[in-house]
Amino acid sequence: MDEYALGVLTNVGLFSFLALSAYLLLVAGEMSFGQQAFFGVGAYAAGIGTAMWGWPLPVAALAAMALGAAAAWLVGLPTLRLRGLYFAMATLAAAEMFRILFELFHYQRTIDGELVGPDGTQGFRGIRWVLERGIEQETFLAAVWALVLLVLGAFALVERTRLGATLRMVGEDPELAAVLGVNVARVKLGVAAAAGALAALGGALYAHHNTYVEPRNFDIMLGVHSLAYALIGGLGTALGPLLGVALDIGLLESTRVFQGYRMIVFGGLVALLLIVRPRGLLDELTVNRVAAALRRRRTA
Amino acid sequence: MLRTLLAAALAALAAPALGQRLAADVDCKPTKHDLVYDCRIALTEAASRKPVAGADVSVGADMPSMPMAHNVRPVKAKPAKEPGLYTARLELEMYGEWALKLNVRSPVRDVIVKKIDFRERP
């Protein structure tokens, strides 16, 4: 496989974490434009862990997830009191605050005669853990996709449990869920923290794939795309966001013939898709129909 | 797949770091075509500043605010006459600041990122 194809497949895997993070909140009934902030927190935290403190990547990624969850929990505390568009706007504002914090963040150390670490708007270079261990791109790609599959497996398990049903109920009818004894605020806060941890894991891996991150990587554009992944792919199953990322990146790559105008073409195609399928390609109805068909075939 | 993952896990636990750091100076000049640039890359060892000849280098580019939306498909850099010097032609999608990613596969594995502001000719 050539370097370009490897890069595209790795990106699909990396952005899947962000897509699943946005999907988790959408299932719980909240539309966040701010998941890119936790992706950034994960990227910076894991980068500092490996490049500056000499931690192995798995340890740094776990720490990044914990920090991402804590940051999302803190953002969720005030913002989850809001509903709908107000919550969306609040998450966007919070994400911009994080981006500005990254711009103001200077923390560098000399390692092997070279300054390493976050340098404000100049970004964070030298996140070389993967390179220094001689890990090939193919191996990194396999590791990223193994983690994506692990997360998908966890989603599939949760969907079958009482917790999964509670999440869907909180998302679809929070008043009814509250009447039935569900602590809606606590569930949503837990979901926000889990979504933050997922986004941070994606960010941690992204920083190590790219070796370089900067505050502008985590601006509104990434937030819009992360939401689009889940909305295009569909809200019926966790496979939806993955389909969304593959379509998003696939469409962007296949419209290269339009050069600089391809974002306009891409935006038009996405708008068209959402008019025809407002809850995405794999929406709840489609997933239920497929599941029923499979059940019928099994019993026949 | 399992073997690859096992290799990754072992690598994750292995303490020693491999390889040496490289550095690069990149100078991109516009061609007669809009948004097409000829880039000259001087590749050196970061510590000694000795030129690195015979390297396998490819050059890609991303717009930092749109990392997966606006990017340039990596092109292989060709060695120039002088040792350590390479050239690559980049076809950008728009003017603005781009992060050039030099992916060095041999003689050592390294990735160097350089930010360059490509502006429209007056």
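The values are calculated or read from the model by the stated rules, or taken from the named source; none is laboratory data. Since the model is a prediction, treat every value here as computed from it, not as a measurement. Every residue, glycine among them, receives a Cβ derived from its backbone with ideal geometry; neighbour counts consider all protein chains shown.
Report, by residue number, each residue of the stretch A:54-92 that is more than 16 Å from the chain's Cα centre (by Cα) and within 14 Å of chain B (Cβ to nearest Cβ).
Across the stretch A:54-92, the qualifying residues are A:GLY54, A:TRP55, A:PRO56, A:LEU57, A:PRO58, A:VAL59, A:ALA60.
Could you tell me how many of the residues in the stretch A:1-42 are outside any helix (DSSP H, G or I) and either modelled with pLDDT of 90 or more or hydroxyl-bearing (Ser, Thr, Tyr) (or both)?
7
Restricting to the stretch A:102-125, name every residue that is modelled with pLDDT under 90 and not in a strand (DSSP E or B).
A:ASP112, A:GLY113
Determine which single condition A:GLY280 fails, assuming it passes every other condition in (1) part of a helix (DSSP H, G or I); (2) buried (at least 18 other Cβ atoms within 10 Å of the Cβ); (3) small (Gly, Ala, Ser).
(1)
If I ask for residues that are within 14 Å of chain B (Cβ to nearest Cβ), surrounded by fewer than 16 Cβ atoms within 10 Å (Cβ to Cβ) and of a type in the set (Gly, Ala, Ser), which ones from the stretch A:233-277 would you list?
Result: A:GLY250, A:SER254, A:GLY260, A:GLY267.
May I ask you to list the residues in the stretch A:198-219 that are within 9 Å of chain B (Cβ to nearest Cβ) and either touching a Pro at 6+ places or on another chain (Cβ under 7 Å) or part of a helix (DSSP H, G or I) (or both)?
If the condition is that a residue be within 9 Å of chain B (Cβ to nearest Cβ) and either touching a Pro at 6+ places or on another chain (Cβ under 7 Å) or part of a helix (DSSP H, G or I) (or both), then A:TYR206, A:ASN210, A:GLU214, A:PRO215, A:ARG216, A:ASN217 are the ones that fit.
Output the qualifying pairs, or none if there are none: Cβ atoms under 9 angstrom, residues six or more apart or on different chains, first residue in the stretch A:121-137 and in contact (Cβ under 8 Å) with a residue 60 or more places away in the chain and over 20 Å from A:LEU104 (Cβ atoms), second residue of a type in the set (Asp, Glu) and crowded, with 21+ Cβ neighbours inside 10 Å.
From residues that are in contact (Cβ under 8 Å) with a residue 60 or more places away in the chain and over 20 Å from A:LEU104 (Cβ atoms), the pairs are A:ARG128/B:ASP110; A:LEU131/B:ASP110.
Checking A:ARG256 against (1) at pLDDT 85 or above; (2) touching a strand residue (DSSP E or B) at 6+ places or on another chain (Cβ under 8 Å), which test does it fail?
Of the numbered conditions (1) at pLDDT 85 or above; (2) touching a strand residue (DSSP E or B) at 6+ places or on another chain (Cβ under 8 Å), the odd one out for A:ARG256 is (1).
Of the numbered conditions (1) modelled with pLDDT of 95 or more; (2) more than 30 Å from A:GLY190 (Cβ to Cβ), A:ARG99 satisfies every one except a single condition; which is it?
Unmet condition: (2).
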